[in-house]
Amino acid sequence: MSEWVLGVIGGSGLYDIPGIAGAWRRIESPWGQASDEVFDGELDGVRIVFLPRHGRGHRLSPSHVNYRANIDVLKRAGVTDVLSLSACGSLKETLSPGAFVIVDQYIDRTFAREKSFFGDGIVAHVSMAHPVCPRLAGLASAASRAAGAPTTDGGTYIVMEGPQFSSLAESKLYRSWGCDVIGMTNMPEAKLAREAELPYASVAMVTDFDCWREEVAAVTVTNVLEVLHANTGKARDLVANLARSLAGTKRAPSPIDTCLDFAMITPPEARDATLAKKLDAVAGRVLGGRS
């Protein structure tokens, strides 16, 4: 058993929760510059570490976020579990703007991002069959409902490169694949969290119907921002509810905590020492650098 330390990746306003006490601090990463400092706070005795995915002021496009550094700094901060909150478009008539979807599957269509901590010198293959932690997802679902958000459990999130929105043909294609929501940020974030042995769950907050719904005007940034601002209050309440549900409880181990035990391919004698040093936070437990 251990203490929960909840990492939250999302909009820069999420840390503005009544009753939370904390401060911004910079954590250096060997993987480069993270999106921003982290807000290290406490609410009802539960430590929460917030990281603005796009930086305060939304300075970084989805393709320019340093996802490896973001996950690395959360691991260095002592985070045990990661909750992602992100805006998305709907690919289903039943998921209207304002809906919150507790994602359980992904299709990754990104192509311009670094997707792994491992590579030339140390090879590892983690399983992504079930990319979301069911325990954390269940807690997030309960917290979302308590916040008054229309909440759907389960859904496939297709991650596009962006920063442009979909073409009509693309949107219709993704619907034919059975995808539920579309966004630009949860990959490679979820893959990297798994490599770092961090249980990950995602709440996709619907801001618009993607352009497949031709009787409605195609999505614009103005549309997205209007609904996004309306969702922010519920997102803050969700995080607060989740923290309170963890208060006074001990965190039982998760199989994800030790997933690298079954992923490492390169034997110790063949591992690159420089890469191993960079992996001290992410994989130090199996490489011998950290507990």
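Observations on the model:
- Pick from the stretch 1-19, criterion among the aliphatic types (A, V, I, L, M) and at pLDDT 95 or above, ranking: surrounded by the fewest Cβ atoms within 10 Å (Cβ to Cβ): Val5
To keep it simple, each residue is scored yes or no on (1) over 25 Å from Ala147 (Cβ atoms); (2) part of a helix (DSSP H, G or I); (3) without any contact (Cβ under 8 Å) to a residue 40 or more places away in the chain; (4) in contact with a strand residue (DSSP E or B) (Cβ under 7 Å, 6 or more places away or on another chain).
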{"site": "Leu6", "(1), (2), (3), (4)": "no, no, no, yes"}
{"site": "Asp16", "(1), (2), (3), (4)": "no, no, no, no"}
{"site": "Ile27", "(1), (2), (3), (4)": "yes, no, no, yes"}
{"site": "Pro30", "(1), (2), (3), (4)": "yes, no, no, no"}
{"site": "Phe39", "(1), (2), (3), (4)": "no, no, yes, yes"}
{"site": "Arg56", "(1), (2), (3), (4)": "no, no, no, no"}
{"site": "Leu74", "(1), (2), (3), (4)": "no, yes, no, yes"}
{"site": "Gly89", "(1), (2), (3), (4)": "no, no, no, yes"}
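The rows are residues; the columns are (1) more than 22 Å from Phe262 (Cβ to Cβ); (2) in contact with a Pro (Cβ under 6 Å, 6 or more places away or on another chain); (3) surrounded by fewer than 24 Cβ atoms within 10 Å (Cβ to Cβ); (4) among the hydrophobic types (A, V, I, L, M, F, W, C).
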| residue | (1), (2), (3), (4) |
| --- | --- |
| Phe39 | yes, no, yes, yes |
| Asp44 | yes, no, yes, no |
| Pro52 | yes, no, no, no |
| Asp81 | no, yes, no, no |
| Val101 | yes, no, no, yes |
| Gly138 | yes, no, yes, no |
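- Some residue of the stretch 204-212 being assigned to a loop (DSSP other than H, G, I, E, B), buried (at least 19 other Cβ atoms within 10 Å of the Cβ), at pLDDT 95 or above and not small (Gly, Ala, Ser): no
- Sole exception among (1) of a type outside the set (Val, Ile, Thr); (2) in contact with a Lys or Arg (Cβ under 8 Å, 6 or more places away or on another chain); (3) buried (at least 18 other Cβ atoms within 10 Å of the Cβ); (4) modelled with pLDDT of 95 or more for Gly32, by number: (3)
- Some residue of the stretch 215-238 being in a loop (DSSP other than H, G, I, E, B), modelled with pLDDT of 95 or more and under 23 Å from Glu42 (Cα atoms): no
- Close pairs (6 angstrom Cβ cut-off, 6 or more residues apart or separate chains): under 22 Å from Pro18 (Cβ atoms) in the stretch 238-255, of a type in the set (Ser, Thr, Tyr) anywhere: Leu238/Ser144
The values are calculated or read from the model by the stated rules, or taken from the named source; none is laboratory data. Remember, it's a predicted structure, so these values are computed and weren't measured experimentally. When we count neighbours, we look across all protein chains shown, and the Cβ atoms used for this are built from the backbone with ideal geometry, even at glycine.
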